[in-house]
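*Asks:* One structure is given below, represented as structure tokens, and several questions about it will come after.
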Amino acid sequence: VAVRRLDYAPPAFLIDEVQLEFDLAPTKTTVTNTMRIRRAPGAAGAAARDLVLHGDDLDLVSIAIDGRPWTAYTANDDGLTVSALPSDAFTLKLVNTNRPAANTSLSGLYVSNRNFFTQCEAEGFRRITYFLDRPDVMTTYTVTLRAARDDYPVLLANGNLVETGELPDGRHFAKWHDPFVKPSYLFALVAGKLAAREKRIRIRSGEEKLLQVWVEPHDLPKTEYAMDSLVHSIEWDEERFGLPLDLERFMIVAVSDFNMGAMENKGLNIFNTKYVLADAQTATDFDFAGIEAVVGHEYFHNWTGNRVTCRDWFQLSLKEGLTVFRDQEFSADMAAKGLSPEAAAAARAARRIDDVRGLRQNQFAEDAGPMAHPVRPDSYVEINNFYTMTVYEKGAEVVRMYQTLFGRDGFRKGMDLYFKRHDGHAVTCDDFRAAMADANGRDLAQFERWYSQAGTPRVAVTTRYDAAARTYDVTLSQGYGPSSAAAKATQTGPLLIPFAIGLVGADGRDLPLKLEGGTRADAPTTLVLELTETEQTFRFVDVAEAPLPSLLRDFSAPVIVHYDYTDAELTFLFAHDRDAFNRWEAGQRLATRALLGLTAAASRGEALTIDPAIVAAFGRVLRDESLAPAFRELALTLPSERYLSEQIDDADPAAVHAARQFLRRALANGLRDDLFAAYDQNRVEGPYAPSAIDSGHRGLKNVALNYLADLDDPSDTAALARAQYDTADNMTDRSAALAALLQIGKPHATAALDDFYRRFEHDALALDKWFAMQAVRRGAPGERVLDDVRALMAHPAFSLKNPNRARSLIFQFCMGNAAQFHAADGSGYAFWADQVLALDAMNPQVASRLARALERWRKFTPGLRDAMRAALERVAAGVQSKDVREVVEKALA
Ligand code: ARG
Ligand code: ZN
């Protein structure tokens, strides 16, 4: 059954404080839960009569009110209903047990590598004990952990440590108190054999704080970067937003079995090892960047999520969209730190391009499919299915638009007002918007539609230059493309779209911009137009020449822009646009257009040809040393097969693959010498550092190597890749070399693959890469990579139970190897159905993510479509969890 946003009712009962005592044991943990409860002011009627607590997979041992055993209760699958309550406040003491070792869902209290961990967001706390497990019930927690000292020497919970001591029978205890009110989803505990890297810092107020990164003892050397990232995050939030660390200590704990990236539990963040552990040998530049971003993200949640939290789960983007925006800004500032203004701008642009590429490839697809939902959804069956690209990444774009409209200072004013009004409360997306509006003296009623409408808006642009009048008219009109009925129902009216624009002159320079009737004294080169109507014309005056428009600069709104550029115009912008994002964008448009043409030709069985001007345009950017290497790497990266398939009806992944490979080969052969030169010029000397500059050089060098693997004669490349593999002193270069060898052909990679395995046999995260690289391998003509994937599932190091391992092999194959996954015989889909059903029985959250691999089945050619539907129907018939059921039923509806 679906939960609906408009059915929200405030809680009838409040919990003034809670004391939790845990007697930890893997097979059976006992929880003693003592809550001080009262009715909410104004609560009346049926809702205020009985107390209905959530509970999931628990065994109740005893129940007492104000010290007296209580018999007026019923317990069922969903929880516990307590009746005949006192009329005033009372103390409810419950004892229950749960089974951590048997908990394969990794939600609630579970065991990983013999240590205890929790994951409570969104509704995992009810799997630990009975509670009002909803984010608008906030209270203070005192938590006592008791466990065998030898097996569990470290006992951690939220907040500050108040007491530790010994107990009989080799047991010991630790008592923690969190002084800040919080909802249950932010509760956490950890117990086991762990060691910490520690650091003491002083924040601006002068207070000293203790920072800890807890891992298994042998992993301590790999925690330096995570600790540095935490220190940078704390400094950045004080500097940019005036938000200090509020607890005496801040802890990060790494766990190797984890459903997602990380979790912002108050003062005790729990992380997937993937986002904590790194050193030069085992982690790539990409991994280091991920650690910085996720450490930042979870830390920033301390204010945007914890101090101010969500009233209900429909408001999830209130904290996630805002916190993703904050982590993006943090990463951009970190990349730009210490660089010259031009280099800093290039570093920021590279981050922006990366973020937008992810949004367009994944969120736009989500928004066009059966799971489409607004940033603030209206209903869900399983909330865990709504931790989506739309809530996170589109939500971040919505937050970014406030900053685009009001500037950094205006945005900061809005943030300050938001905390002034709502600190310590559970609030809504409307409250955030109201703070932004009030702090900036603006009516933002129309802006609400960004939260309520599903689907990706489109802006069509037409232009007209009047040489005699020296005016340039830009007409913008907005609407949506084809949408599902559910999405269409949300599309109620035009949006307020901040549309940044520049006008590029014939010499490649920006023209000064003056709007007719405008009041600005200066004539900037980029202006943010505010599109509020379905169609609007903006007239620029004193325009000396017919310009080329540079549209939606820096991707100022999450929309699709339609404008009839010629290839020559795109080539010009690709060479000259002063806005780095749009310069990249021009190259992507050029490539996309060529690739869609090639795809159509491939499906018709025609011979493929490419305009040499396209190859030349990419060559110019490759050779342009005034451009940052990171930018050139991005510019040379073609749109993914997944993204291209999204642009076509009746998509044929084999044709898309053939087209993209053809263009890659054309670029490789056509730019052979330039690619070898770029390879040589971008070698990084000296010890490895994951800095923006060094990783930019490595990225360009390795993208060059990757192209060179597609040469008609790749023998020189094979030697180069082999040498790079053997001499690499870091994982970025070693894994890029192995990927290039795999691309030349599996026989070229056998020795390196074996070496990689032996080298990293005991390093789980590195071994994940070994599985992943084989799963995304292209395969020789006629070869079935799926056969390798199946064989790898039988490898002793493979386990479906570990989400990282399952993702590295199965998800990578199903979601990262389009051409092989969509094999014409339907073998990929049958494999997918088997794995979804196997995962469904042990871990519904992970299963449900994999289930989404087929949600765009209607886009594909009829033959594939039928095979996909059959696989979906098989899953629908055998599914147990509501997580997977919601996904496949929406896909089939
Ligand atoms: N709040 C966490 C984060 O954004 C993610 C929690 C995801 N939870 C879930 N059930 N999918 O960092
Ligand atoms: Zn988050």
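*Asks:* Viscosity 0.890 mPa s, temperature 25 °C: give me the Stokes-Einstein translational D for the chain in µm²/s, with Rh taken as the Kirkwood radius over C-alpha pairs.
*Replies:* 84 µm²/s
*Asks:* OK, next. For segment 128-137, what does the Karplus curve 6.51 cos²θ - 1.76 cosθ + 1.60, with θ = phi - 60°, yield as ³J(HN,Hα) per residue in whole Hz, taken in order and with x for Gly and Pro?
*Replies:* Residue by residue, segment 128-137 yields 9, 7, 6, 6, 7, 8, 9, x, 8, 9 Hz.
*Asks:* Can you tell me which aspartates and glutamates have their Cα less than 14 Å from the Cα of residue 769? Leave out same-chain residues fewer than eight positions away.
*Replies:* Here the aspartates and glutamates satisfying the reach criterion relative to residue 769 are 285, 287, 733, 754, 755, 761.
*Asks:* Related question: What does the charge count near residue 223 come to, summing +1 for each Lys or Arg and -1 for each Asp or Glu among other residues with Cβ under 11 Å from its Cβ?
*Replies:* Here the count lands on -3.
*Asks:* Counting other beta carbons within 10 Å of each Cβ, put 317, 603, 556 in order, fewest first.
*Replies:* Listed from fewest to most nearby Cβ atoms, that is 603, 556, 317.
*Asks:* Which shape class applies to segment 289-374: rounded if a/c is under 1.5, otherwise prolate when a/b exceeds b/c and oblate if not, where a ≥ b ≥ c are the square roots of the Cα gyration tensor eigenvalues?
*Replies:* oblate
*Asks:* Any idea what angle helix 882-892 forms with the longest principal axis of the chain, computed on alpha-carbon atoms, 0 to 90 degrees, nearest 10?
*Replies:* Helix 882-892 sits at roughly 30 degrees to that axis.
*Asks:* Relative to the longest principal Cα axis of the chain, at what angle does helix 285-300 sit, 0 to 90 degrees, rounded to 10?
*Replies:* Here the helix axis deviates by roughly 50 degrees.
*Asks:* What list do you get for 569, 121 if you sort them by fewest beta carbons within 10 Å?
*Replies:* With the fewest neighbours first, 569, 121 line up as 569, 121.
*Asks:* Tell me which lysines have Cα within less than 16 Å of residue 394's Cα, excluding those fewer than 8 residues away on the same chain?
*Replies:* 319
*Asks:* Among 15, 252, what is the fewest-to-most ranking by other Cβ atoms within 10 Å?
*Replies:* In order of increasing Cβ crowding within 10 Å: 15, 252.
*Asks:* Calculate the length of the line joining the C-alpha centroid of segment 460-479 to that of segment 307-358, in whole Å.
*Replies:* Between the Cα centres of segment 460-479 and segment 307-358 lies a distance of 33 Å.
No lab work stands behind these numbers, since they all come straight from the coordinates. As the structure is a computational prediction, the values presented were derived from the model and not from experiment. Virtual Cβ from ideal backbone geometry, glycine too; neighbours counted across all protein chains shown.
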